[in-house]
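These notes concern the structure reproduced below.
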Amino acid sequence: MKKFLLIPALFLLSLTACDKEAETPPATTKDKLTSGIWKLLQQGEDVNKNDLLEAVELLPLENCEKDDTYQFKPDQTLVISNNALKCDDSDPATETLNWALTANDSELILSQPGFPLSFNFRILELTGTTLRLSFTDGTDKAIIVYGR
């Protein structure tokens, strides 16, 4: 009888041991943001304020914007690389901004060192491949979508 009880107990123990090894903590907002390089995919004005960009709300991307890359670094700097196609010949090869997460990681603040202004973005979506932000200026609302 003892052997009969021992077998199920060992089986249950092995299941719980496997579960502990298989568990990995979920990626944090900071992890998702800093785990790779982003490219601008879409931008537009959210006229109907539904947090989505319909085709009529999209603003065209210039070629010089399409090759730019954005890298959020763990030290809370954002490096924007203007790459080969610059919108203006005087644009630097890279620009560095500061970033911070606020409001329980639901908002992203961008600021430029030495300038008093900062820009607050609401994070609408953040996955391993998509970053969708909204920015409100008075009554106007813009949405910007980045991808990997």
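The values are calculated or read from the model by the stated rules, or taken from the named source; none is laboratory data. All values derive from a computational prediction rather than experimental measurement. We place every Cβ from the backbone using ideal geometry, glycine too, and count neighbours over all the protein chains shown.
Can D75 be described as under 25 Å from R148 (Cβ atoms), outside any helix (DSSP H, G or I), at pLDDT 95 or above and out of contact with any strand residue (DSSP E or B) (no Cβ under 9 Å at 6 or more places or on another chain)?
Numbers: under 25 Å from R148 (Cβ atoms): yes; outside any helix (DSSP H, G or I): yes; at pLDDT 95 or above: yes; out of contact with any strand residue (DSSP E or B) (no Cβ under 9 Å at 6 or more places or on another chain): yes.
So D75 passes the test.
So which of K73, K30, K39 ends up being under 20 Å from L97 (Cβ atoms), loosely packed, with under 13 Cβ neighbours inside 10 Å and not hydrophobic (A, V, I, L, M, F, W, C)? Please lay out each step first, then the result.
Numbers: K30 fails: loosely packed, with under 13 Cβ neighbours inside 10 Å; K39 fails: loosely packed, with under 13 Cβ neighbours inside 10 Å.
After ruling out the rest, the residue left standing is K73.
Considering only residues of the stretch 21-37 that are outside any loop (DSSP other than H, G, I, E, B) and not aliphatic (A, V, I, L, M), which is nearest to S81 (Cα to Cα)? Outline the logic, then answer.
So in the stretch 21-37, the residues outside any loop (DSSP other than H, G, I, E, B) come out as 21-22, 29-34.
Those still in the list that are not aliphatic (A, V, I, L, M) too: 21, 29-32, 34.
On the way: E21: 40, T29: 22, K30: 20, D31: 21, K32: 19, T34: 15 Å.
Top of the filtered list is T34.
Hey, does the stretch 128-147 have a residue that's under 19 Å from T69 (Cα atoms) and surrounded by fewer than 13 Cβ atoms within 10 Å (Cβ to Cβ)?
yes
Any idea which residue in the stretch 89-123 is surrounded by the fewest Cβ atoms within 10 Å (Cβ to Cβ), counting only those that are on the phi < 0 side of the Ramachandran plot and among the acidic types (D, E)?
In the first step, residues of the stretch 89-123 are kept if they are on the phi < 0 side of the Ramachandran plot; the result is 89-102, 106-113, 115-123.
Checking which are among the acidic types (D, E) leaves us with 89, 91, 95, 107.
Details: D89: 5, D91: 14, E95: 14, E107: 14.
Applying the filter and picking the extreme gives D89.
How many residues are touching an Asp or Glu at 6+ places or on another chain (Cβ under 9 Å) and at pLDDT 95 or above if we restrict to the stretch 78-99?
4
Which residue out of E23, E57 is surrounded by 11 or more Cβ atoms within 10 Å (Cβ to Cβ), over 17 Å from the mean Cα position of the chain (by Cα) and of a type in the set (D, E)? It would help to see each step written out before you state the result.
Working: E23 fails: surrounded by 11 or more Cβ atoms within 10 Å (Cβ to Cβ).
Only one candidate qualifies: E57.
Which members of the stretch 84-105 meet the condition of being of a type in the set (S, T, N, Q), within 20 Å of F72 (Cα to Cα) and out of contact with any strand residue (DSSP E or B) (no Cβ under 8 Å at 6 or more places or on another chain)?
Kept after step one, since they are of a type in the set (S, T, N, Q), are these residues of the stretch 84-105: 90, 94, 96, 98, 102, 104.
Restricting the remaining residues to those that are within 20 Å of F72 (Cα to Cα) gives 94, 96, 98, 102, 104.
Answer for the stretch 84-105, where residues must be of a type in the set (S, T, N, Q), within 20 Å of F72 (Cα to Cα) and out of contact with any strand residue (DSSP E or B) (no Cβ under 8 Å at 6 or more places or on another chain): just N104.
Looking at the stretch 90-148, which of its residues are more than 15 Å from the chain's Cα centre (by Cα), assigned to a loop (DSSP other than H, G, I, E, B) and closer than 25 Å to P60 by Cα?
If the condition is that a residue be more than 15 Å from the chain's Cα centre (by Cα), assigned to a loop (DSSP other than H, G, I, E, B) and closer than 25 Å to P60 by Cα, then S90, D91, P92, A93, G138, T139 are the ones that fit.
I'm trying to understand the selection: among the residues of the stretch 38-54, which are part of a loop (DSSP other than H, G, I, E, B) and touching a Lys or Arg at 6+ places or on another chain (Cβ under 7 Å)?
As a first pass, look at the stretch 38-54 and keep what is part of a loop (DSSP other than H, G, I, E, B): 46-54.
Correct list: D46, K49.
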